[in-house]
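The values are calculated or read from the model by the stated rules, or taken from the named source; none is laboratory data. Because the structure is predicted, anything quoted here is derived from the model rather than measured. Every residue, glycine as well, gets a Cβ built from its backbone with ideal geometry; the counts of neighbours run over all protein chains shown. With ligands, DNA and RNA removed, areas are computed over all heavy atoms of the protein, side chains included. Shrake-Rupley method; radii C 1.70, N 1.55, O 1.52, S 1.80 Å.
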Amino acid sequence: MKLLILNGPNLNLLGTREPDTYGSKSFEDYFSELQFKFRNIELSYDQTNIEGELIDMIQKGQEDFDGIILNAAAYTHTSVGIGDAVAAINIPVVEVHISNTFSREDFRHKSYISPNSKGIIVGFGLQGYDLAIQSFLKVNE
């Protein structure tokens, strides 16, 4: 199994950005832990702050991967284009958010990705990515 993890804007700052909300670990460090824990899965990771690049990554992902774990960050709540990209591809996407978006500002309660996602994991910190990987494994048991 090959899974692609895609992170959107400002998630390159994990480890230093608002540690009370997002924790103190960089995503690169956490990704290494995921690769070790899920050695039987080929995991790839990318991050961009640019909406169009994220759309390109989603579209290209269907060529090489069995599924995508997507944290589109703030674009979740603003990008019809990213929502359309998720709807257009033929592999499952699990939407992940580190913080509980429903305990934050009202505009974060709307997702353009959720209607076309396999599932949504919200508010469990970085562990949400682990849970998303497990969701792909459960389907294939």
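Numbers below:
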{"read-out": "Positions within the range 61-98 being among the hydroxyl-bearing types (S, T, Y) and closer than 14 Å to Q47 by Cα, in sequence order", "value": "Y75"}
{"read-out": "Test: residue in the range 45-52 that is part of a helix (DSSP H, G or I) and surrounded by 20 or more Cβ atoms within 10 Å (Cβ to Cβ)", "value": "no"}
{"read-out": "Members of the range 31-44 that are more than 13 Å from the chain's Cα centre (by Cα) and either in contact (Cβ under 8 Å) with a residue 24 or more places away in the chain or in a loop (DSSP other than H, G, I, E, B) (or both)", "value": "L34, K37, F38, R39, N40, I41, E42"}
{"read-out": "Top-ranked residue in the range 53-89 [being open to solvent by 50 Å² or more (accessible area, probe 1.4 Å) and not acidic (D, E); ranked as farthest from I121 (Cα to Cα)]", "value": "K60"}
{"read-out": "Failed item, numbered, when Y129 is tested on (1) open to solvent by 10 Å² or more (accessible area, probe 1.4 Å); (2) within 20 Å of L11 (Cβ to Cβ)", "value": "(1)"}
